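The values are calculated or read from the model by the stated rules, or taken from the named source; none is laboratory data. Predicted model, so just to flag it, every value in this text is computed and none were measured. Quick reminder, even Gly has a Cβ in these numbers, built from the backbone with ideal geometry, and neighbours come from all protein chains shown. The area values use the complete protein model at the heavy-atom level, side chains included, leaving out ligands, DNA and RNA. Shrake-Rupley method; radii C 1.70, N 1.55, O 1.52, S 1.80 Å.
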Amino acid sequence: MDYIFSDRISSLKPSAIREILKATSDPSVIPFAAGNPDAETFPIDEVRALSQKIFEEKPILALQYGITEGYAPLREKIKEILKADKNIGSENDEIIITSGATQIMDLMTKVFCNFGDTVICEAPSFIGSLNCFRSYGCKLQGVPVEADGMDTDALEEVLKHCEKAKFIYTIPNFQNPTGATMSLEKRKKLYELASHYGVMILEDDPYGDTRVAGEALPSIKSMDTEGIVCYAGSFSKVLAPGIRMGYVCAPKEVIAKMTVGKQAADTHSTMFSQLLVYDWLQSTDLHAHLEKSRSIYRRKLNLMCDLTEEKLGDFVKFTRPEGGLFVWCKLPETVKMLDFVGKCVENKLAVVPGTAFAVNSGDAEDCFRMNFSTPSDEQIVKGMDILEKVKESFIG
C-alpha cells in the first residue's frame with residue numbers, strides 16, 4: 001500500500017541525534033553524542049525502597065486513573081520548592097504535571113498556535129522542541145545565540161516585523177546545544193520586549209539545577225507580573241529521565257487550556273511516577289542530592305574542557321559552560337563539519353553535527369556538540385585522544 005501521511009508529519013525528519021545514537025549501541029563507540037544524565041546521580045536505593053512502600057501502602061492510588069492536572073500533593077510540593085528556591089509562582093499561577101518536559105512543548109504549541117503561526121526560537125536550539133513546533137505547521141524564526149544568550153537586539157527586530165509570533169522559546173540556563181547562559185540584563189530585556197509586543201515566553205529550564213560554577217540568575221518567570229511566562233521544569237536531570245515527569249508553572253487560564261489539550265493526548269501522567277516523585281521529594285534532602293550530582297558534573301565538565309584546550313588548542317573555539325551537559329565547539333572555516341564528524345565516527349567516537357540544531361538553513365554548519373555526562377571519565381579521556389587524532393588528519 002502507498003501510505004499518504006499527514007502534512008504535519010511528512011516533512012519532519014528523524015532527529016539526527018537519535019540517528020547518531022544508534023551507532024552508540026556498539027559498546028566500542030564513545031558516546032559524546034548522547035545527552036543522558038550520569039547514572040551515578042540516580043538515587044537507585046531510595047527509589048527501590050520508595051517503590052516498595054508505595055505498593056505496600058497505596059497500591060490502588062498508584063494503579064488507578066488520576067486527574068489530568070496531576071497528583072495534588074505533588075503539585076503543591078512543586079509550588080513550594082519553586083517559590084522557596086527560585087521565587088517562581090504567584091496567586092495567578094497554577095501547575096500541571098506532564099509526561100516529561102517534551103510534552104510541555106507540545107501543549108504550549110497546541111494551546112497557542114494555529115497553522116502558519118510563528119514561534120521565535122534561539123538559533124541553534126534543541127531539536128526535540130523545534131520538531132514539535134514544526135509538527136503543528138509553525139514557522140520558526142531563529143534569533144542568534146551569543147555568549148551571554150539570545151541576541152535581544154535581533155529579537156527586537158524580529159518582533160517588529162513578525163505579525164504572527166505567538167511565543168518566544170528560550171533555554172536561558174546552559175542552553176542546548178551551545179551551553180550559553182543568558183545574562184540578567186538580557187533576561188530583563190527579553191521580558192520587556194515580550195510584554196511590549198504581546199508575545200508569550202516559554203522558558204525551558206531542564207538544566208538549571210546542574211550549575212557547577214558562577215552565580216545563579218533569576219528566572220524570567222520570577223519577573224512575570226503580567227502572566228506572559230510559562231516555566232517548563234523537569235525531573236529528568238534532578239531525579240531520573242526514565243520516570244518521564246515534567247511540570248509547567250503558568251497562568252491559571254493557560255493551565256486550564258493545557259489540561260484540555262493533555263486530556264486529548266494521554267489523560268494524565270502515570271500515577272506511579274507522580275507518587276514516587278512526591279514521596280522522594282518528601283523524604284530526601286533535595287539540596288544535598290543536587291550538590292552530589294553537581295560534584296559529578298563539575299568533575300566531568302572540567303575534565304572535558306581541560307582536555308579540549310590541551311588536545312585541540314586553537315583548532316576549535318569554545319566557551320566553558322557553567323553547567324548543563326554539553327560543550328559546543330566551532331571548527332575552522334577550512335574544515336567541513338560533516339567530514340569532521342564522519343571521521344570521528346570512523347574512529348569510534350560519536351559527536352553531534354551542529355546542523356542537527358538548525359532553525360534556519362545554514363545555521364551551525366561549522367559546529368559540533370559534545371556531551372560529558374554520559375561517557376565515563378575514562379571514555380572522555382579516550383574520546384579526546386581520538387579528537388586530537390582526527391584534528392591532526394585535517395591539519396596535515
Looking at Met245, Met223, can you tell me which residue is at pLDDT 95 or above, open to solvent by less than 20 Å² (accessible area, probe 1.4 Å) and either of a type in the set (A, V, I, L, M) or in contact with a His (Cβ under 8 Å, 6 or more places away or on another chain) (or both)? Met245
All positions within region 69-80 that are touching a residue at least 40 places away in the same chain (Cβ under 8 Å) and either touching a Phe, Trp or Tyr at 6+ places or on another chain (Cβ under 7 Å) or open to solvent by 40 Å² or more (accessible area, probe 1.4 Å) (or both): Glu69, Tyr71, Pro73, Leu74, Lys77, Ile78, Lys79
Going by the conditions given, is Glu157 among the charged types (D, E, K, R), exposed (fewer than 15 other Cβ atoms within 10 Å of the Cβ) and outside any strand (DSSP E or B)? yes
So, first residue farther than 14 Å from Asp385 by Cβ in region 306-317, second residue in a strand (DSSP E or B), Cβ within less than 6 Å, six or more apart or across chains; the pairs are Val316/Cys329; Lys317/Lys330
Across region 191-216, the tally of residues that are surrounded by 24 or more Cβ atoms within 10 Å (Cβ to Cβ) and either among the basic types (Lys, Arg) or more than 19 Å from the chain's Cα centre (by Cα) (or both) stands at 1
Given the conditions (1) in contact with a Lys or Arg (Cβ under 7 Å, 6 or more places away or on another chain); (2) under 17 Å from Val145 (Cβ atoms); (3) open to solvent by 20 Å² or more (accessible area, probe 1.4 Å), report the number of the one that Glu388 does not fulfil. (2)
Here is a list: Leu303, Leu286, Leu276. Which entry is modelled with pLDDT of 95 or more and under 13 Å from Val238 (Cα atoms)? Leu286
Checked against (1) of a type outside the set (Asp, Glu); (2) in a helix (DSSP H, G or I); (3) open to solvent by 10 Å² or more (accessible area, probe 1.4 Å), Val238 satisfies every condition except (2)
Go through (1) in contact (Cβ under 8 Å) with a residue 60 or more places away in the chain; (2) of a type in the set (A, V, I, L, M, F, W, C); (3) over 29 Å from Cys113 (Cβ atoms) one by one and return the number of the condition Ala232 breaks. (3)
Looking at Val238, Val277, Val254, Val260, which is the one that is β-branched (Val, Ile, Thr) and closer than 14 Å to Lys77 by Cα? Val277
When you scan region 113-121, do you find a residue that is in contact (Cβ under 8 Å) with a residue 60 or more places away in the chain, under 30 Å from Glu215 (Cβ atoms) and either outside any loop (DSSP other than H, G, I, E, B) or not small (Gly, Ala, Ser) (or both), even just one? yes
Taking only pairs six or more apart or across chains, which ones have beta-carbon atoms under 8 Å, a first residue in region 125-136 that is under 19 Å from Asn114 (Cα atoms), and a second residue that is basic (Lys, Arg) and modelled with pLDDT of 95 or more? Tyr136/Lys110
